[in-house]
1. How many angstrom lie between the Cα centre of the stretch 90-114 and the Cα centre of the stretch 70-88?
2. Can you give the FRET efficiency for residue 22 and residue 276, using 1/(1 + (r/R0)^6), R0 = 45 Å, r = Cβ-Cβ distance, to the nearest 0.05?
3. Using the per-residue mean of other Cβ atoms lying within 10 Å as a proxy for protection, in what order, highest first, do the peptides 62-69, 94-101 fall?
4. Going by a ≥ b ≥ c, the root eigenvalues of the Cα gyration tensor, does the stretch 4-147 fall in the rounded group (a/c under 1.5), the prolate group (a/b larger than b/c) or the oblate group?
5. Show me 193-206, 132-145 ranked by packing, highest mean number of other Cβ atoms within 10 Å first.
6. Taking square-rooted eigenvalues a ≥ b ≥ c of the alpha carbon gyration tensor, is the stretch 72-145 rounded, prolate or oblate, where a/c under 1.5 means rounded and, failing that, a/b exceeding b/c means prolate?
7. With viscosity set to 1.567 mPa s and temperature to 4 °C, compute the Stokes-Einstein D of the chain, Rh being the Kirkwood radius across alpha carbon pairs; µm²/s, no decimals.
8. Suppose each label sits 7 Å from its Cα in the direction of the beta carbon; what would the residue 230-residue 108 distance come out to in nanometres?
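Nothing in this text is a laboratory measurement; each read-out follows from the coordinates by a stated rule. Predicted, not measured: the structure shown is a model, and the values here were computed from it. Here the Cβ positions follow ideal geometry from the backbone for every residue, glycine too, while neighbour counts run over all protein chains shown.
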Ligand SMILES: [Zn+2]
């Protein structure tokens with residue numbers, strides 16, 4: 001799934017190509033990938049709703065609009081027209097935005113929407129698995145998907161992260177990938193940032209000491225910047241707007257490496273499901289003290305209630 005770095009690379013690549021262009025034709029091939037202003041916020045694609053969606057007109061799809069620029073929050077892009085009309089784009093698991101200067105050979109299957117510009121160039125939204133989508137609005141501020149996101153992870157200040165995590169008792173891994181808390185970090189960069197900061201992914205977010213939160217905040221921003229520099233991570237099918245793959249997957253220390261030796265200390269990396277996602281960590285570089293402390297306290301409380309003696313060891 002494209003995360004913040006991959007989406008930012010798309011934004012940077014597409015903005016100079018689209019800025020100042022006027023949309024000459026807008027075509028939607030599948031109504032259920034688009035969410036109009038009167039649709040349910042989640043749209044129709046995965047909702048199995050019996051309500052027949054109303055027809056969207058090409059004006060809502062930016063026909064005739066002059067493009068002002070492309071904004072990004074977390075993993076969501078917004079193509080914004082000079083008159084304020086906005087097209088929000090989420091790539092989901094397998095979405096791609098493909099740029100065609102006029103003669104490019106691009107895959108035509110799973111292309112759900114296309115825009116042609118007055119200079120003959122085209123932009124295609126392709127999404128084989130259809131977890132992504134398009135959101136149409138009168139302004140970026142009124143995009144429903146935009147409003148549901150937490151602060152952008154690339155602009156994160158470590159002290160801000162402390163404020164976000166203080167009320168959260170869930171494991172830090174689950175908190176980091178919750179887009180309503182912090183927008184842009186997914187499975188890859190959460191695992192990598194936790195490894196760099198030396199934080200065990202099961203640690204309850206509110207239990208990480210202040211110094212650890214600051215280190216984690218710095219690690220998140222640093223890793224996102226490094227990944228953008230390296231062209232993003234191509235794990236399955238991520239491509240930038242020109243169809244090129246990224247290079248940052250070579251720099252992954254833990255993601256996708258469960259059972260292999262830690263690149264820092266050589267310990268065998270552990271793997272388990274946390275927050276419904278596969279997580280990989282190094283038991284040496286990411287010690288479980290904070291997690292153990294809490295789990296021991298919780299267990300002791302339960303044991304006291306049950307009249308049992310205290311367990312000598314924390315568990316993972
Ligand atoms: Zn290690």
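1. 18 Å
2. For residue 22 and residue 276, the calculated efficiency is 0.55.
3. Going from most to least packed, we get 94-101, 62-69.
4. Rounded, because the longest to shortest axis ratio a/c is under 1.5.
5. Top to bottom by mean Cβ count within 10 Å: 193-206, 132-145.
6. Note, shape of the stretch 72-145 comes out oblate.
7. For the chosen part, D equals 61 µm²/s.
8. 3.7 nm
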